[in-house]
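The values are calculated or read from the model by the stated rules, or taken from the named source; none is laboratory data. Here the structure is a predicted model, which means the values were calculated and not measured. Cβ placement follows ideal geometry from the backbone for every residue including glycine, while neighbour counts extend to all protein chains displayed. Protein only, heavy atoms only, side chains kept; ligands, DNA and RNA dropped before computing areas. Shrake-Rupley method; radii C 1.70, N 1.55, O 1.52, S 1.80 Å.
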Amino acid sequence: MEAVERLVFLDTETTGLDPRFGHRIIEVAAVEVIRRQITGRTIHFYVDPERDIDVGATAVHGFTWDDLRGKPKFSSVADNVMQFLIGARVVIHNAAFDVSFLDAELARLRQPPMSKRDFAVEDSLALARKTYPGKRNSLDALCDRLGVDNSQRNLHGALLDARLLADVYLAMTRGQGKLDMPVALPEQLMDAPQGHSALIANLLSIEVPQTSAEAHKQLVWKLSESSGRVHDW
């Protein structure tokens with residue numbers, strides 16, 4: 001009997017750009033796909049990062065540390081996250097970014113890194129660059145190119161981004177331009193910190209001071225030049 005491949009699409013949100021400077025995960029989510037069908041099984045956790053969040057990161061995902069105080073620490077959710085990934089091919093957009101943060105969190109807990117776990121990691125950004133050389137390959141750009149509806153993506157959120165990545169990846173690997181798989185609003189997001197669910201239709205844009213906006217603009221340019229990260233900061 002042919003083995004059925006299990007795919008898991010994973011995304012994180014963080015306090016900043018580099019775990020080497022003490023930045024932490026604030027949100028992690030993953031979506032399961034079997035036989036190229038989204039099964040409905042997901043994991044999704046908001047995490048207290050135990051530190052401040054950079055203003056540039058807040059402009060992307062909408063969270064401040066105050067929003068996350070009292071949420072579980074990563075130590076409380078790490079085993080659940082790793083258990084969900086066992087045996088899967090874990091697809092991450094710009095995998096080096098998310099893996100570096102997950103490895104840093106696991107190292108704090110004296111647990112093995114992602115590379116020593118019973119799953120494989122695939123970088124969908126690398127696949128997109130190979131498939132569409134010379135084009136923008138952020139998650140938003142791929143949604144536009146492949147006809148995946150990302151209209152609910154007002155701010156970045158790990159669960160929505162993982163679901164969009166699943167739709168994009170299936171479209172990209174199937175060779176068709178559009179999927180009839182609408183992005184549903186998972187019930188887990190109703191537990192989002194007040195005012196910060198990226199999927200709530202009436203979510204207002206965050207106003208950022210001009211000095212912060214300029215710093216944010218420079219950050220967008222820097223990241224787009226270096227990695228094509230899903231976050232077009």
List the relative contact order of the range 1-63 as a percent without decimals, with contacts defined as Cα pairs under 8 Å and 6+ residues apart.
-> 32 percent
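Tell me the per residue accessible area of the range 97-144 using a 1.4 Å probe; a whole number in Å² is fine.
On the way: 2580 Å² over 48 residues.
So the range 97-144 comes to 54 Å² accessible per residue, rounded to a whole number.
Given Cα positions, please report Rg to Rh for the range 11-86, the hydrodynamic radius being the Kirkwood one.
On the way: Rg = 13.7 Å, Rh = 13.3 Å.
In the range 11-86, Rg relative to Rh is 1.03.
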Within the set of other residues whose C-beta is less than 13 Å from the C-beta of residue 132, count the net charge using Lys and Arg as +1 and Asp and Glu as -1.
-> +4
Computed over the range 80-153, the relative contact order (Cα-Cα under 8 Å, seq sep at least six) in percent reads 32 percent
Given H placed 1.01 Å from N in the peptide plane, which residues other than close sequence neighbours of residue 41 have an amide H under 5 Å from its amide H?
-> 32
Karplus-derived 3J(HN,Hα) from phi for the range 27-42 (6.51 cos²θ - 1.76 cosθ + 1.60, θ = phi - 60°), whole Hz, x at Gly and Pro, runs 7, 9, 8, 8, 10, 8, 10, 10, 6, 6, 10, 6, 7, x, 7, 9
If packing is taken as the mean number of other Cβ atoms within 10 Å per residue, what is the order of 38-50, 70-82, highest first?
-> 38-50, 70-82
The answer for the net charge of residues other than residue 101 whose Cβ lies under 12 angstrom from its Cβ, with Lys and Arg +1 and Asp and Glu -1, is -4
Highest mean first, what order results for 14-26, 158-170 on Cβ atoms within 10 Å?
-> 158-170, 14-26
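Stokes-Einstein at 10 °C, 1.306 mPa s, Kirkwood radius from Cα pairs: D for the range 1-50 in µm² s⁻¹? Working shown, then result.
Values: Rh = 12.7 Å.
Answer from the Stokes-Einstein relation: 125 µm²/s.
Report the FRET efficiency, 1/(1 + (r/R0)^6), for residue 83 and residue 174, where r is their Cβ-Cβ distance and R0 is 30 Å, rounded to 0.05.
On the way: r = 29 Å, r/R0 = 0.97.
It comes to 0.55.
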